[in-house]
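As C-alpha cells, the structure follows; a few thoughts come after it.
Laboratory data are not the source of any read-out in this text; all were calculated from the coordinates shown. Since we're looking at a predicted model, the values are computed, not measured. Cβ placement follows ideal geometry from the backbone for every residue including glycine, while neighbour counts extend to all protein chains displayed.
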Amino acid sequence: MLVERPPDADAFLDLAGEFLLEREAEHNLLLGLAGRLRTNPRLYGEDPYFAVAVEAERVVAAALRTPPHNLALSVVEDEQALEPLADDALAAFGRLPGVLGPSQAAERFVRLWQHRSGAAPRISMRERIYRADHAHPPEGVPGELRPYEERHRDLVLAWLEAFAAEAMPEAPPDDATSWLERRRQDPESDIVLWDDGEPVSFGGFGSPTPNGIRIGPIYTPPELRRRGYASALTAALTAMLLERGRRFCFLFTDLTNPTSNSIYQRVGYEPVADFDMWSFGQVE
C-alpha cells in the first residue's frame, strides 16, 4: 500500500477525483474543500495537507486537512489503507485535534492514532449526510427567503456564535467573523435569511462539488423555533440551488438532534451515510 502526498488541490483531484466522485454525497466535504483550495490554497491560513492511498494503481482512500481543523477521511475501500494513512498524518503533524470520517473507518483510524500518538479519543459528534434532488416546501409558514445584506452583519455574527456554541462546542476554532468573510468573498457561497417581518432564521451554502453543493449551517434562535422557519428556509434554499443548475444539495446533521433530522427528511432530503467526528486529547 502506497500513500502519495499530492502537493496541491489540483494534483489531489487529478489523482483522487474520480474515486471521490463515485460517492459524491459521502465526499462532498473533501470535494468541496479541494475545489475551494484550488483557487485559494491558504484559505484557512496554512498550507493544506492531502494524502491518497493507492493499491495496485487503484485509489482506495484519501484524506485532507486544513490546519487547524480535523483530518477528514474519505470512504475507505481497503481497511489496510488506514495504517499508512495514520503513519503519514503522524509524520506530517505529530498531533491532530481530531478526525471526521465514515463511522467504521473513523473508529479504526482513531484506534491506530491512539496507539501511535498516545491521544485520548472520544466521539464529539455523530453525523449523518443527507442528499436532495428536489424540495418539498412546508405549507402555512409565513415569510420568504431574502438575500443577506450588510445591515444583517451583526445579527448573523451573533447567530453564528450561538450556533457554534450550541451545535459544535468542541469544534476547532473558527471565529464567526472569519467564517462570514470567507463565505461572502467566495462567489459560489453565500448566506440567506428567512424573513417574517424581520429576520427569523438564517442559512449558508457553499463548497460546490461537480454536481452538488452543501447547505449549512441552518440556525433559528430558540425563542423563534417550532414555527417552521428552518424547514421553510431549507426547502426554499434547496429549491433555489437546484433551479440554478445543481443536481443535488447535501447537508450534515447531528444525529443527537432528532428534530433537525426529521425536518430535513420532510422537505426532501434522504439519508446517505453516517460520519463520526472524534476529538483527541493527550494522555499526560
Packing-based ranking, highest mean first, of 102-110, 34-42 given that Cβ atoms within 10 Å are counted: 102-110, 34-42
Running a GNM on the chain with Cα contacts under 10 Å, which residue among His69, His134, His152 ends up with the highest mean-square fluctuation? His152
Would you grab the residues whose amide H sits under 5 Å from the one on Tyr148? Only those 5+ places off in sequence or on another chain, please, with H modelled 1.01 Å from N. Ile191, Leu193
Assuming 0.36 nm per residue, please report the length gained on full extension of the stretch Leu90 to Arg146 beyond their Cα-Cα distance. 15.6 nm
List the relative contact order of the chain as a percent without decimals, with contacts defined as Cα pairs under 8 Å and 6+ residues apart. 24 percent
Treating only the Cβ of Lys, Arg, Asp and Glu as charged (+1, +1, -1, -1), what charge dipole size does the chain show about its Cα centre? Round to the nearest 20 debye. 400 debye
Pick from Ile129, Ile263, Ile215 the residue whose mean-square fluctuation is largest in a GNM of the chain, springs joining Cα atoms under 10 Å. Ile263
Give the relative contact order (percent, whole number) for the stretch 166-232; include only Cα pairs under 8 Å separated by 6+ residues. 21 percent
Can you give the helix-only mean residue ellipticity at 222 nm for the chain, where every DSSP H stretch with n ≥ 4 adds -39500 (n - 2.57) and the sum goes over all residues, rounded to the nearest 500 deg cm²/dmol? -11000 deg cm²/dmol
Suppose we keep just the DSSP beta bridges with both residues in the stretch 135-267; what percent of those would be antiparallel, to 5? 80 percent
Give the average over all directions of the projected area of the C-alpha convex hull of the chain, one decimal, in nm². 14.5 nm²
Using a Gaussian network model of the chain whose springs link C-alpha atoms within less than 10 Å, name the residue from Pro138, Pro271, Pro258 with the highest mean-square fluctuation. Pro258
Return the whole-Å distance between the Cα centroid of the stretch 1-34 and the Cα centroid of the stretch 233-266. 24 Å
Sequence-separation-based contact order of the stretch 135-267, relative, with Cα cut under 8 Å and 6+ spacing, percent: 28 percent
Nearest 5 percent is fine: what portion of the DSSP beta bridges confined to the chain is antiparallel? 90 percent
Label 7 Å along Cα→Cβ of Thr259; the stretch 181-210 residues with amide nitrogen under 19 Å? 194-196, 199-204
Cβ-placed point charges (K, R +1; D, E -1), dipole of the stretch 207-284 about Cα centre in debye, nearest 20: 480 debye
Can you work out ³J(HN,Hα) from phi for every residue in the stretch 103-114, in order, using Karplus 6.51 cos²θ - 1.76 cosθ + 1.60 and θ = phi - 60°, giving whole Hz and x for Gly and Pro? 3, 5, 5, 5, 5, 5, 4, 4, 5, 5, 5, 4
If amide hydrogens are placed 1.01 Å from N in the peptide plane, which non-local residues have theirs closer than 5 Å to the one on Ala62? Ala53, Ser74
Report the equivalent ellipsoid semi-axes for the stretch 159-277 in whole Å, largest first, defined as the square roots of five times the eigenvalues of the gyration tensor built from alpha carbon atoms. 19, 18, 17
Which one of Tyr44, Leu64, Phe19 is farthest out on the positive end of the charge dipole of the chain, using unit charges on Cβ (Lys, Arg +1; Asp, Glu -1) and the Cα centre as origin? Tyr44
Dipole moment magnitude, nearest 20 debye, the stretch 135-267 about Cα centre, only Lys, Arg, Asp, Glu C-beta charged: 500 debye
Relative to the present Cα-Cα distance, how much length would full extension add between Arg38 and Glu161 at 0.36 nm per residue of separation? 41.5 nm
Rough spin-label spacing in nm, given labels placed 7 Å along Cα→Cβ, for Arg58 and Leu21: 2.0 nm
Taking Cα atoms, how many degrees apart are the long axis of helix 176-185 and the longest axis of the chain, rounded to 10 and kept between 0 and 90? 80 degrees
So the FRET efficiency between Arg182 and Arg247, C-beta based with R0 = 25 Å and rounded to 0.05, is 0.50
